[in-house]
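K.L.:
Okay, handing you the structure first.
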């Protein structure tokens, strides 16, 4: 396939099915060639800026892939949480510099993965705290808040000195009460302080 044909095909797939990330095998099947022979052509297309390589064997169009779509390709057990999720829910005023993901796997490679759409930081947490959200790759606001407080305390940081919290009253106290037994008691105390100050 020619470069413009690849771009047209990927654009149509995104418009039709909202599919933004393709594996090397999927692209080889589309082109009707072996994956090995396609590698050379894909490398050329990436250098020309026609398509983007997001991770090993994962390609698509720039500007079409969201972190929530890519996280599963980087680590199938990971989900986005913490400050990045809170910013997405407009619960903090700052934009984070990296995308925090909780996982139950210890990575033998770097826990920091730089991609064209941002830097992913994978944090391996205990089974008690690891709680993948149902039906998505991003923690709900209450869980993201608890996870962020937990991470700050784990690093010895004061959560409120790092960001400006916004409209915590939108968080469900019932959901927080269900989630908090998973965390150390220091997380509950810090969340109580945040609500008192807010």
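K.L.:
What's the number of the condition residue 102 fails, among (1) closer than 23 Å to residue 168 by Cα; (2) over 13 Å from the mean Cα position of the chain (by Cα); (3) in contact (Cβ under 8 Å) with a residue 24 or more places away in the chain?
P.N.:
Unmet condition: (2).
K.L.:
Against the condition out of contact with any helix residue (DSSP H, G or I) (no Cβ under 8 Å at 6 or more places or on another chain) and on the phi > 0 side of the Ramachandran plot, how does residue 43 come out, does it pass? Before you say what the answer is, go through the steps one by one.
P.N.:
Numbers: out of contact with any helix residue (DSSP H, G or I) (no Cβ under 8 Å at 6 or more places or on another chain): yes; on the phi > 0 side of the Ramachandran plot: no.
The answer is no for residue 43.
K.L.:
Identify the single condition in (1) part of a loop (DSSP other than H, G, I, E, B); (2) surrounded by 14 or more Cβ atoms within 10 Å (Cβ to Cβ); (3) in contact (Cβ under 8 Å) with a residue 40 or more places away in the chain that residue 70 does not satisfy, given that it satisfies every other one.
P.N.:
It fails just one condition, (1).
K.L.:
A follow-up question, please. Out of (1) surrounded by 18 or more Cβ atoms within 10 Å (Cβ to Cβ); (2) in a loop (DSSP other than H, G, I, E, B), what's the single condition that is false for residue 76?
P.N.:
Every condition holds for residue 76 apart from (1).
K.L.:
Determine, yes or no, whether residue 32 is surrounded by fewer than 16 Cβ atoms within 10 Å (Cβ to Cβ) and either touching a strand residue (DSSP E or B) at 6+ places or on another chain (Cβ under 6 Å) or within 20 Å of residue 117 (Cβ to Cβ) (or both).
P.N.:
Values: surrounded by fewer than 16 Cβ atoms within 10 Å (Cβ to Cβ): yes; either touching a strand residue (DSSP E or B) at 6+ places or on another chain (Cβ under 6 Å) or within 20 Å of residue 117 (Cβ to Cβ) (or both): no.
Here the answer is no, as residue 32 does not meet what is asked.
K.L.:
Quick check: anything in the range 141-158 in a loop (DSSP other than H, G, I, E, B) and under 16 Å from residue 91 (Cβ atoms)? It would help to see each step written out before you state the result.
P.N.:
Our first condition is that a residue be in a loop (DSSP other than H, G, I, E, B); within the range 141-158, this holds for 155-158.
With the extra rule that they be under 16 Å from residue 91 (Cβ atoms), the set shrinks to none.
No - not one qualifying residue is present in the range 141-158.
K.L.:
Does the range 133-142 contain any residue that is surrounded by 12 or more Cβ atoms within 10 Å (Cβ to Cβ), farther than 25 Å from residue 66 by Cα and in contact with a strand residue (DSSP E or B) (Cβ under 8 Å, 6 or more places away or on another chain)? Steps first, please.
P.N.:
Of the range 133-142, the ones surrounded by 12 or more Cβ atoms within 10 Å (Cβ to Cβ) are 133, 137-142.
Okay, now just the ones that are also farther than 25 Å from residue 66 by Cα, so none.
No, there is no match, as no residue in the range 133-142 is surrounded by 12 or more Cβ atoms within 10 Å (Cβ to Cβ), farther than 25 Å from residue 66 by Cα and in contact with a strand residue (DSSP E or B) (Cβ under 8 Å, 6 or more places away or on another chain).
K.L.:
Being touching a strand residue (DSSP E or B) at 6+ places or on another chain (Cβ under 7 Å) and either closer than 24 Å to residue 61 by Cα or modelled with pLDDT under 95 (or both): is that true of residue 110 here? Break it down into steps so the answer makes sense when it comes.
P.N.:
Numbers: touching a strand residue (DSSP E or B) at 6+ places or on another chain (Cβ under 7 Å): no; either closer than 24 Å to residue 61 by Cα or modelled with pLDDT under 95 (or both): yes.
Spelling it out, it is not the case that residue 110 is touching a strand residue (DSSP E or B) at 6+ places or on another chain (Cβ under 7 Å) and either closer than 24 Å to residue 61 by Cα or modelled with pLDDT under 95 (or both).
K.L.:
For the range 1-57, which positions are farther than 18 Å from residue 68 by Cα, under 27 Å from the mean Cα position of the chain (by Cα) and not in a helix (DSSP H, G or I)?
P.N.:
Once the filter is applied, which keeps residues that are farther than 18 Å from residue 68 by Cα, under 27 Å from the mean Cα position of the chain (by Cα) and not in a helix (DSSP H, G or I), the range 1-57 yields 49, 50, 51.
K.L.:
I would also like to ask the following. Taking the range 135-176, which residues are without any contact (Cβ under 8 Å) to a residue 24 or more places away in the chain and under 15 Å from the mean Cα position of the chain (by Cα)?
P.N.:
135
K.L.:
Another one. Please specify each residue of the range 124-134 satisfying the condition of being touching a residue at least 12 places away in the same chain (Cβ under 8 Å) and either assigned to a loop (DSSP other than H, G, I, E, B) or touching a helix residue (DSSP H, G or I) at 6+ places or on another chain (Cβ under 8 Å) (or both).
P.N.:
Residues of the range 124-134 that are touching a residue at least 12 places away in the same chain (Cβ under 8 Å), as a first pass: 124-125, 127-133.
The answer is 125, 127, 128, 129, 130, 131, 132, 133.
K.L.:
Another question about this same structure. Out of all the residues in the range 98-120, which are out of contact with any helix residue (DSSP H, G or I) (no Cβ under 8 Å at 6 or more places or on another chain), under 26 Å from residue 186 (Cα atoms) and surrounded by fewer than 18 Cβ atoms within 10 Å (Cβ to Cβ)?
P.N.:
The answer is 104, 105, 106, 111.
K.L.:
Determine, yes or no, whether residue 121 is over 19 Å from residue 182 (Cα atoms), in a strand (DSSP E or B) and not assigned by TED's automatic domain parsing to the domain that holds residue 23. It would help to see each step written out before you state the result.
P.N.:
On the way: over 19 Å from residue 182 (Cα atoms): yes; in a strand (DSSP E or B): yes; not assigned by TED's automatic domain parsing to the domain that holds residue 23: yes.
Taking the combined requirement at face value, the residue satisfies it.
The values are calculated or read from the model by the stated rules, or taken from the named source; none is laboratory data. Everything quoted here is computed from the prediction, not taken from an experiment. Positions of Cβ are backbone-derived with ideal geometry, glycine not excepted, and every protein chain shown enters the neighbour counts.
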